[in-house]
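The values are calculated or read from the model by the stated rules, or taken from the named source; none is laboratory data. Source: prediction; values computed, not measured. Glycine also receives a Cβ, built like all others from the backbone with ideal geometry; neighbour counts cover every protein chain displayed.
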Amino acid sequence: MGQINLTRVVAGNMLPEPYTVERSTGAFVAGGWQTTSINVAGYGVVSVADKQDLQMVPEGDRVTGAMVFHSQQRIYETQQDGGYGQPEYGAGGFGVATQFVSDKIAWRGQLYRVLAVSPYPNRGYWRAVGVRMSGQ
Amino acid sequence: MATITYPDGTSLTSTAIDERQAQSMMQLVTGRMLGVLMTPYSAAALATLPPALSAVEAATLAAPWQTTLTLTAGQSSAPAASTALLYPNQTAVGTGLQAGTRVTAVGPGNLVWLSLPATVSGPQTATFADPDCFSAVRVGWQQEGQPAWNIAADICVVRCEPIDTDYGRMRDSVQSLQGITAVFTDTYTRAWRVYWAFYGPNSTDRARAVRSALVTIQQFADLLATAGWYVNPSISMPQRVPELFQGQWWPRTDLYADFNEQVTETYATGTVEQVQVIVNRATGVYETLTIQGD
């Protein structure tokens with residue numbers, strides 16, 4: 001039985017739009033984890049995972065929200081560090097990765113941190129949910 | 001040490017360290033208590049420590065760890081002058097060692113096994129470092145998280161938080177005069193609780209080791225004392241709390257200990273140096289006096 005490849009839906013010319021993925025690398029250093037990142041161009045369908053709610057608390061207003069990003073390229077969550085004597089950085093079942101903490105996706109002036117990934121490389125795409133980081 | 005200056009020019013200076021410095025210090029001390037090679041420290045790494053500790057330990061922390069290896073060209077094992085603090089996966093750099101050489105095993109008879117064969121024969125100074133030392137002992141509450149760990153890896157995560165104690169509310173206040181500046185010196189004890197989460201197959205034993213080292217080994221007490229920290233020797237036994245995560249039980253043991261930090265705060269304010277008093281009568285100035293401060 002053949003498999004359905006959804007690449008044309010995810011990155012065709014109807015709904016998709018560009019975004020930027022901030023992909024991290026980093027190291028454990030004195031005092032904690034230090035992240036550095038590079039920007040990677042992303043392209044795919046973007047839709048709403050969770051509406052933008054205004055939280056009114058005594059300290060001020062905060063805006064929540066989450067978006068869904070589709071991509072032909074892999075989107076990463078925090079990868080397991082092989083760590084102390086363990087060489088298998090981020091193997092995770094999809095080949096060795098080079099990044100370490102979750103991707104951040106810049107879309108329309110906001111940064112979204114990836115908190116969930118649905119891996120469908122067998123159908124030609126990745127689906128990630130990112131939460132709005134700024135709170136405003 | 002933080003100093004706050006107020007609009008009237010007075011200032012409050014404190015020796016209190018912040019939570020980042022506290023956690024960095026406990027990362028270093030914990031690593032040493034566990035026998036992890038925590039050197040060399042870069043300038044940036046030194047700057048994360050409490051200033052007093054950084055100053056006292058700078059030379060030691062910046063020094064590379066070295067020993068002499070008696071190499072034989074083409075062989076991957078070499079006797080070492082000392083195998084203290086040597087363990088697998090450390091990097092080894094020196095004449096006769098190929099780039100990327102790591103320690104693979106430390107055997108009996110001070111024999112060190114290397115991942116790549118030596119290229120020269122004879123005694124050579126080798127420099128060792130553990131690139132994973134800050135991974136072996138990590139700091140919790142990182143802003144955007146941090147990578148996880150392998151179920152087979154022995155890692156430790158430290159966290160520090162100030163806690164309230166009755167003793168911490170008492171203050172010893174002394175006033176003194178430095179020139180025309182009045183200095184109010186307040187000394188008090190701030191208590192901290194340090195949490196260790198040990199993961200890995202040896203988590204329980206490593207928690208025991210840290211608990212023992214805190215109260216029995218003077219060098220760690222001395223290290224902490226440079227930052228004004230003193231351990232409360234009444235430490236609960238480590239608690240074994242394996243975690244059920246994704247279908248597996250992950251070994252975990254928790255430990256916490258309380259520390260007292262001696263905090264000295266000085267508030268400096270100006271005093272009146274002299275006052276001129278002019279007494280007037282209807283006929284004019286009667287007398288002019290100057291009152292001089294001490």
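Candidates B:26, B:33: the one that is within 30 Å of residue B:202 (Cα to Cα), within 11 Å of chain A (Cβ to nearest Cβ) and out of contact with any Pro (no Cβ under 9 Å at 6 or more places or on another chain) is B:26. When the strands (runs of 3 or more DSSP E) confined to region B:230-281 are screened for residues that are touching a residue at least 24 places away in the same chain (Cβ under 8 Å), those reaching at least 2 such residues are found at B:248-250, B:252-270. Of all residues in region B:235-294, how many are within 30 Å of residue B:3 (Cα to Cα) and of a type outside the set (Gly, Ala, Ser)? The total comes to 16.
Just one of the listed residues (A:36, A:25) is without any contact (Cβ under 8 Å) to a residue 24 or more places away in the chain, within 14 Å of chain B (Cβ to nearest Cβ), closer than 30 Å to residue B:29 by Cα and among the polar types (S, T, N, Q), namely A:36. On the stretch given as region B:88-118, residues that are small (Gly, Ala, Ser), within 32 Å of the chain's Cα centre (by Cα), outside any strand (DSSP E or B) and away from every other protein chain (no Cβ under 14 Å) total 1.
Can you tell me how many residues in region B:218-272 are over 30 Å from residue B:56 (Cα atoms) and not aliphatic (A, V, I, L, M)?
Restricting attention to region B:218-272, the residues satisfying the condition of being over 30 Å from residue B:56 (Cα atoms) are B:236-254, B:269-272.
Next, only the ones that are not aliphatic (A, V, I, L, M) stay: B:236, B:238-240, B:242-243, B:245-254, B:269-271.
Residues that pass the stated criteria total 19.
Is there a residue being without any contact (Cβ under 8 Å) to a residue 60 or more places away in the chain, closer than 26 Å to residue B:266 by Cβ and in a helix (DSSP H, G or I) anywhere in region B:17-33? Within region B:17-33, one or more residues are without any contact (Cβ under 8 Å) to a residue 60 or more places away in the chain, closer than 26 Å to residue B:266 by Cβ and in a helix (DSSP H, G or I). Screening residue B:3 on (1) buried (at least 16 other Cβ atoms within 10 Å of the Cβ); (2) among the hydroxyl-bearing types (Ser, Thr, Tyr); (3) without any contact (Cβ under 8 Å) to a residue 24 or more places away in the chain; (4) part of a strand (DSSP E or B) shows it passes everything except condition (1). Is it fair to say residue A:48 is within 24 Å of residue A:10 (Cβ to Cβ), modelled with pLDDT under 95 and among the β-branched types (Val, Ile, Thr)? For residue A:48, the condition - within 24 Å of residue A:10 (Cβ to Cβ), modelled with pLDDT under 95 and among the β-branched types (Val, Ile, Thr) - is not met.
All conditions but one from (1) within 12 Å of chain A (Cβ to nearest Cβ); (2) out of contact with any Gly (no Cβ under 8 Å at 6 or more places or on another chain); (3) in contact (Cβ under 8 Å) with a residue 12 or more places away in the chain apply to residue B:44; the one that does not is (3). Would you point out the residue of region A:91-111, among those that are more than 11 Å from chain B (Cβ to nearest Cβ), closer than 14 Å to residue A:24 by Cβ and modelled with pLDDT of 95 or more, that is surrounded by the most Cβ atoms within 10 Å (Cβ to Cβ)? This residue is A:105. Looking across region B:173-201, just one residue is charged (D, E, K, R) and farther than 30 Å from residue B:136 by Cβ, and that is B:186.
Does region A:114-130 hold any residues that are touching a residue at least 24 places away in the same chain (Cβ under 8 Å) and assigned to a strand (DSSP E or B), and which are they? Listed by number, the residues that qualify are A:114, A:115, A:116, A:117, A:119, A:120, A:125, A:126, A:127, A:128, A:129, A:130. Tell me whether region A:11-19 contains one or more residues that are more than 14 Å from chain B (Cβ to nearest Cβ), more than 14 Å from the chain's Cα centre (by Cα), modelled with pLDDT under 75 and not in a loop (DSSP other than H, G, I, E, B). Looking through region A:11-19, at least one residue is more than 14 Å from chain B (Cβ to nearest Cβ), more than 14 Å from the chain's Cα centre (by Cα), modelled with pLDDT under 75 and not in a loop (DSSP other than H, G, I, E, B). Evaluate region B:99-109: report whether one residue or more is closer than 12 Å to residue B:125 by Cα and of a type outside the set (Phe, Trp, Tyr). Within region B:99-109, not a single residue is closer than 12 Å to residue B:125 by Cα and of a type outside the set (Phe, Trp, Tyr). Among the residues of region B:56-85, those identified as part of a loop (DSSP other than H, G, I, E, B) and modelled with pLDDT under 95 are B:63, B:64, B:82, B:83, B:84, B:85.
Sub-9 Å Cβ pairs linking a first residue in region B:196-224 that is more than 24 Å from residue B:248 (Cβ to Cβ) and in the same structural domain as residue B:31 (by TED's automatic domain parsing) to a second residue that is modelled with pLDDT of 95 or more and charged (D, E, K, R), at least 6 apart or interchain, are B:213/B:32; B:219/B:32; B:220/B:32; B:223/B:32, ordered by first then second residue. The residue that is nearest to residue A:31 (Cα to Cα), counting only those in region B:142-173 that are within 10 Å of chain A (Cβ to nearest Cβ) and free of Cβ contacts under 8 Å to residues at least 24 places away in the same chain, is B:142.
Would you confirm whether or not region B:176-186 contains a residue that is out of contact with any strand residue (DSSP E or B) (no Cβ under 6 Å at 6 or more places or on another chain), assigned to a loop (DSSP other than H, G, I, E, B), surrounded by 22 or more Cβ atoms within 10 Å (Cβ to Cβ) and at negative phi? No, because not a single residue in region B:176-186 is out of contact with any strand residue (DSSP E or B) (no Cβ under 6 Å at 6 or more places or on another chain), assigned to a loop (DSSP other than H, G, I, E, B), surrounded by 22 or more Cβ atoms within 10 Å (Cβ to Cβ) and at negative phi. Considered as a group, the residues in region A:23-61 that are of a type in the set (D, E, K, R) and within 30 Å of residue B:158 (Cβ to Cβ) include one that is farthest from the chain's Cα centre (by Cα), and that residue is A:59.
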